[in-house]
Each structure stands twice: as C-alpha cells, then as structure tokens.
Amino acid sequence: MAAAALKSVCLSAFDYKTEKYVIAQNKRVGILYRVVQLAVLGYIVGWVFLTKKGYQETEESIQSTVITKLKGVTLTNSSDTGVRLWDVADYVVPPQGENIFFVVTNMIETRNQSPGYCAEVIKTGVCLKKDTNSTGTCEIFAWCPIERSGKPQKPLLAKAENFTVYIKNSIRFPNFKFAKSNVLDTSNNSYLKSCQYDKIHSPYCPIFRLGDAVLWTGHDFQDMAKEGGVIGIFIEWNCDLDKSASKCNPQYSFNRLDLKSSPVSVTSGYNFRYAKYYKNSKGEDYRTLIKVYGIRFDIMVNGKAGKFNIIPTVINIGSGLALMGAGAFFCDLVLLYMMKKSTVYRERKYESVALMLVPLFFLIYINDQDKNTSWLSLPMTLNYCR
C-alpha cells in the first residue's frame, strides 16, 4: 500500500492544472477589455514594429572617414594688403581638410616685426614718450612694432560665400559588413564638375556652396565672415538593410555652434594668429604677424543600421503578449472592486476548498501498524492522483 501511495504522489507531478474562467456578461467591462486590447495591439504593431522596427537587430558603431576639398579664387584690394589674389592655398587652413576645415574671410596684418624694445600698455618697465606733451607707455621687449589692435569693419573675402567644398564621406557598419559613400555611384565623369547640393533637386551631390551652408543655419554669410564663426555640418546615416542598398542615403543638417549667450557676449566668432618669418640681407629675423578671422566647419557623422533578426522579433512578440494580459488584469480590478455587484463576481471567481492533508510518512506508519486498516478509510481527502 505504501508503494502505491508513493507511486501516486510521483505520478501527480505530471498532472496539468488549468485556471478557471468566469464569463462576466457586462457590456461596459467587455468594451473596456477590448479597448485596452486594441490599445496594446496598436502600440505593439504601430510603435514597436512599424516605427521602431523592433524586428531588427541594430548597430550604431559606425566607422567613418571624411575628405574635403575646396575650390574658389577671388581678388582683393585693400589699404592693408594691396591688390592680392587668393586661391585655396591662401585661405584654407589646414591645406588638407578632413573632419574640420577653416576658411579665411578676414585678416589683420602687422608687417616687418623684429625683436626689440617698443612701447606697450602694460603698467611696468620704462615709460616712453614721443615728446614732453604725449602720454607715456611702458617699454617691453617683443616683436616690434606690436600687433595692430581693433576689429575689422567688413569682410575682406566677401566673395568667399561663392566658394564650394567637396565633402566625401565613406561609412561602414562592421557587424553587417555594409559600406557605402555619399558620392553618387555614376559613370558620368562630368557629374561632380557640374552638380551642387540641393535638398530637393540634387540631394546626392556632395558639393556644397559655403554661402548656402551658412544660410541653412539661419544666419547671413557676410555678417558671419566679418568676425568668423563655427558651423556644424551633420551627416546622418539611418539605413534599413532589409531594403535595397540604394535606399541607404545620408541626411544633411547645418547648425551654427558659436552662438552668443547674450547680446553683450564676446564668445562668438573665430580667429587665430600665425606668422611668416623672413631674414633680411644682414641675416636679421623679422616676420609678418597675421590675425585671421574666418569660418570653421566641423563635420560630424552619426548613423544606425538595422536588419531583421529572429531574436529581437521573438522578444518583442513575447513582451507584447504579456502586455495583452494587462487588459484582463485591469478588468478584473474593475469587477472585483469598482462594480456594485463585485461580491457576486468575487464569489464566482474564487472557490475555497478545505483539504486535510496528512504527511506521507504518517500514512506509511499507520499502514504498517495495522495491516487490516485500509488507508482509503481514513477521514481525509488526498488529491495526489485521480
């Protein structure tokens, strides 16, 4: 008998127990249940799968390289520099641009500086006067004459807005082994010589007019060229690799990055100094100090690629099915606690069954003590096996 009882307990491990369902014929709760289900279904299909493409594996570790080349020639004539011809070698710093390139639009030159003693405004040292009636200044050892002060009133290279820049961007998503360039794949050799980027008419041409790049930020090139500034060129690659590779194309956006924090702020603009060194016939050093103003262009590349994968698909479907149960849970709360007849529903949903369980070792002990007593005659109910 003990062996039979033990066998019954072991076999009960393979029983299947199902939940009890109660059909509540309440239209208001029924409508609420369907509305919640439709909302969850709309979220899963519309947002998770169609908008966010939850069926795809994504990669954001984009590998990118940028090469830039500028073109444009202009002629200037000013009292400081005289007649001067400017080409790429003169106004582009550094000569070989990559993610950052700088275009000179204005400058102040201080020529024929040589090491020596000259007047400065620092309040130390020997006081120098041109004559007895003049105000004195301090003597310093520096490159003399000292740098010219003041700011330019108008841009020297005003025609620089018509210069163009060729931006070649190559990207790669290593996990998907996918690579592409922003240059249109064409056999027409004259395409790049004649095209110019336009968001509507020529979205795949990588040649940009500098004046347009500034204009797309909402600023005027001539105003910006006077004291310089910083422009951000953002290249965004969002590629759905379940579609053709021709559908993976860059999106460009432009922003000014050196905006003033207040009307009296001096933080906007961009300039730096450099010098050209020479020797005279006596072997003495002298130089020309150049303070240049201009526009710096920062090219920033971001991207994300996605491709179908069964793992995220199954995970998102499973999450969606779990959310579908939220409708039943919410409606149960309404029926159990918010309806007038909630007690009736509660009585139908839950049943209390009183069981007196006896440990198995006690059952075996009783059976061994009295062979004539059957364990089935004990005043208890055991549901180990049906």
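The values are calculated or read from the model by the stated rules, or taken from the named source; none is laboratory data. Keep in mind it's a predicted model, so treat the numbers as computed, not measured. Note that each Cβ is placed from the backbone with ideal geometry, even for glycine, and that neighbours are counted across all protein chains shown. Each accessible area value is taken on the protein alone, full model and side chains, heavy atoms only, with ligands, DNA and RNA left out. Shrake-Rupley method; radii C 1.70, N 1.55, O 1.52, S 1.80 Å.
At-a-glance table
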| read-out | value |
| --- | --- |
| Cut-off 11 Å between beta-carbons: net charge of the residues surrounding ARG209, Lys and Arg +1, Asp and Glu -1 | -2 |
| Accessible area, probe 1.4 Å, largest first, for residues LEU335, LEU85 | LEU85, LEU335 |
| Label point distance in nm, ASP223-LYS340, each placed 7 Å from Cα along Cα→Cβ | 6.9 |
| Accessible area of LYS7 in the full protein assembly, 1.4 Å probe (Å², nearest 10) | 130 |
| Accessible-area value, ASP80, 1.4 Å probe, nucleic acids and ligands omitted, Å² | 70 |
| ASP332 - accessible surface, heavy atoms, 1.4 Å probe, Å² rounded to 10 | 40 |
| Difference of contour (0.36 nm per residue) and Cα-Cα distance, ASP332 to ILE146 | 58.4 nm |
| Solvent-accessible ranking of LEU41, LEU210, largest area first, probe 1.4 Å | LEU41, LEU210 |
| Heavy-atom SASA rank of TYR55, TYR204 (probe 1.4 Å, accessible area, largest first) | TYR204, TYR55 |
| Relative contact order, percent, the stretch 204-299 [alpha-carbon distance under 8 Å, six or more residues apart] | 31 |
| Gain in span if fully extended, VAL314 to LYS69, counting 0.36 nm per residue against the direct Cα distance | 83.4 nm |
